[in-house]
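The values are calculated or read from the model by the stated rules, or taken from the named source; none is laboratory data. Computed from a predicted structure; not experimentally measured. Reconstructed Cβ throughout: ideal geometry from the backbone, glycine too, with neighbour counts over all protein chains shown.
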2 protein chains.
Amino acid sequence: MSDSRPIAVDAMGGDHAPHEIVAGAVHAVRERGLPVVLVGAPRVLYEALADHGATNELPIVRAEEALAMDEGALASLRRPRSSIAIACHLVRRGDVSAVVSAGSTAGIVATGKLRLKAQQGVLRPAIAVALPTLPHPTLLLDAGANAEVKPEALVQFGHLGAAYAELAHGVEHPRVALLTIGSEAGKGNKLVRRAHELLEAAPGLHFAGNVEGYDLLTGKADVITTDGFTGNVALKTMEGAVRYAFDELRQSIGDSPVARLGALMQRSRLRELSHRLDAEAHGGAVLLGLNGTVVIAHGSSRAAGISAACQLAADLSEGGLVTRIGERIASTGRSHRSR
Amino acid sequence: MSDSRPIAVDAMGGDHAPHEIVAGAVHAVRERGLPVVLVGAPRVLYEALADHGATNELPIVRAEEALAMDEGALASLRRPRSSIAIACHLVRRGDVSAVVSAGSTAGIVATGKLRLKAQQGVLRPAIAVALPTLPHPTLLLDAGANAEVKPEALVQFGHLGAAYAELAHGVEHPRVALLTIGSEAGKGNKLVRRAHELLEAAPGLHFAGNVEGYDLLTGKADVITTDGFTGNVALKTMEGAVRYAFDELRQSIGDSPVARLGALMQRSRLRELSHRLDAEAHGGAVLLGLNGTVVIAHGSSRAAGISAACQLAADLSEGGLVTRIGERIASTGRSHRSR
């Protein structure tokens, strides 16, 4: 299945918008051959395109408003003509195949839910983040779209993640695990204890049991399901810990004169590694369960991150992610009923 | 205030019990000058002491049973004569000043609550872990004693942690922060939103606002309060992420022949760093809010970790941690009533 429709890039969202966003979109067009539409304030975007000598290469769709990075969910109601709202509208109309935005996560989630609506049967759309495990990433979801959920939603997150893992990482029968605080079935709070029971009984899902915080980066599961509060704390804790470890290491290297020589040699490898750990490398998080593909690039994304996010958006929409999720949710509904 | 009573070491708890536990206790006696009592199976402990030529240096208190590392909370009821139960009993009787155990955390928490009881006014005893920030550690609690709590408990965890930070880290007016998923007051789930309101109004507490997962290792707060589910996931995620970063780095070093020379020089610094990140260095977690000091050494502790845990236990009990917590809780109760 091939989808030749363009990707809509929200050019006004992100710490480095619009300049780096436009640079990333231009990169996606030129180096990846992806069709891209920019959404935002025409005058500003025209100038940014001119900087790259790309004025006629990317179409611009007008959006006079934008959500600020510190604006939350409510802003999406107050600003129906924001760049992210218009981008979602283009998906809805079928003019584009997917949206990429580096704007405020809360704003993207709220706008996406409002404009694209949840797919039929999906209780709660969720944010899936690809953790840098090998040989393929581990998907953690929900990474923050839903601070409070029912146990049933944790089962659905498993299905959403499994559909993504099958499509994007080529995993057959993805192992879905539940994030909690002990490996035995009875461990955790009320939410996860009940979710454990439901996951064990869930048809069409390869439930691999409980995992703990240690296991996020061990590749023990292909998909890890959790509520958005826990998932967000875990994700940010991980990012903070990795940054801490590298900072400490950089200081150690700086402190020791003898070590400096070897350190020079290692610096490029360190960079490669921290790159792999970084959102830039994998293109960002994906909001799953909506009637349309929405890729949430890291707020601090520069051109490379935006370009990678466009690739991810194109791959997921070409692979028919929304349809696959729809089929999965529908078939679990049927299995439930037929039991 | 000086407390010359010994520390009771649960010699049967831990992955490397009893040999490494006894070695650590012997180290605490010989190198730190701390009085220590071993609790466990006399014959086994006698032999372990003989290995160190220390048969008459440390008294042994008999406990014929022990909790296995995979035994949880219920085992403490089934085994009233386990080494951890006897150790707690010695604290209760006033024969020793504190307990050190590297046994199953769930077992220690359950036994501690049962034998020592919560201090008057304490809703929920909690596990505090010292994170390796500089210039002094950041305390994270609850790290796993309570999977489900009410918002009021998060305020008390702030007080428990503040008392610990004042005593052990010499922090005046410790900054207490709330772990959640956004820095604004309205962010998070129901539990933390309500806890935020209570913390803002809490007398005698320096509430420093919300922190996110990123901030666990930045030293932005002296005490971070959270429920035991979130705290445990965050702690294990952090440990996993740091281990991951070092493993990746070690592989990078191994891969590159040119980098190997410098790497040799850096290895000792890496070791120092991973040591600081390790439980061995700071002596372990502390179960706060009981009528007695209980230090929970990491299950994988070897002699150095046990010896450091004995030092921590001695420092906390000499400093009157239990009394300080009691005064804090009592005074907040009074302030509440007088408002």
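Here residue A:262 meets the list (1) touching a Leu at 6+ places or on another chain (Cβ under 9 Å); (2) at pLDDT 95 or above; (3) more than 23 Å from residue B:218 (Cα to Cα) almost entirely, failing just condition (2). Residues that are farther than 16 Å from residue A:6 by Cβ and under 29 Å from the mean Cα position of the chain (by Cα) within region A:52-61 comprise just one, A:52. Picking from residues in region B:56-78 that are in a helix (DSSP H, G or I) and among the aliphatic types (A, V, I, L, M), the one that is surrounded by the fewest Cβ atoms within 10 Å (Cβ to Cβ) is B:77. The number of residues in region A:173-194 that are more than 10 Å from chain B (Cβ to nearest Cβ) and modelled with pLDDT of 95 or more comes to 7. The set of residues in region B:204-230 being among the small types (Gly, Ala, Ser), within 14 Å of another protein chain (Cβ to nearest Cβ) and assigned to a loop (DSSP other than H, G, I, E, B) consists of B:219, B:221. Looking only at residues of region B:105-135 that are assigned to a strand (DSSP E or B) and among the small types (Gly, Ala, Ser), we find that the one that is nearest to the chain's Cα centre (by Cα) is B:128. Inspect region B:79-86 for any residue being outside any helix (DSSP H, G or I), within 19 Å of residue B:303 (Cβ to Cβ) and in contact (Cβ under 8 Å) with a residue 12 or more places away in the chain and give the result as yes or no. No, every residue in region B:79-86 fails to be outside any helix (DSSP H, G or I), within 19 Å of residue B:303 (Cβ to Cβ) and in contact (Cβ under 8 Å) with a residue 12 or more places away in the chain. Whether any residue in region A:229-236 is touching a His at 6+ places or on another chain (Cβ under 8 Å), modelled with pLDDT of 60 or more, crowded, with 20+ Cβ neighbours inside 10 Å and closer than 29 Å to residue B:187 by Cα is what I want to check. Within region A:229-236 (the criterion being touching a His at 6+ places or on another chain (Cβ under 8 Å), modelled with pLDDT of 60 or more, crowded, with 20+ Cβ neighbours inside 10 Å and closer than 29 Å to residue B:187 by Cα), the answer is no, since none of the residues qualifies. Within region A:155-190, being touching a strand residue (DSSP E or B) at 6+ places or on another chain (Cβ under 7 Å) and among the polar types (S, T, N, Q) holds for A:180, A:183. Screening the candidates B:323, B:293 for the property of being buried (at least 24 other Cβ atoms within 10 Å of the Cβ), under 26 Å from residue B:4 (Cβ atoms) and modelled with pLDDT of 95 or more yields one hit, B:293.
For residue B:144, the conditions (1) in a loop (DSSP other than H, G, I, E, B); (2) more than 27 Å from residue B:171 (Cα to Cα) are fulfilled apart from (2). The selection criterion, being at negative phi, of a type outside the set (A, V, I, L, M, F, W, C), part of a loop (DSSP other than H, G, I, E, B) and away from chain A (no Cβ under 14 Å), does not hold for residue B:197.
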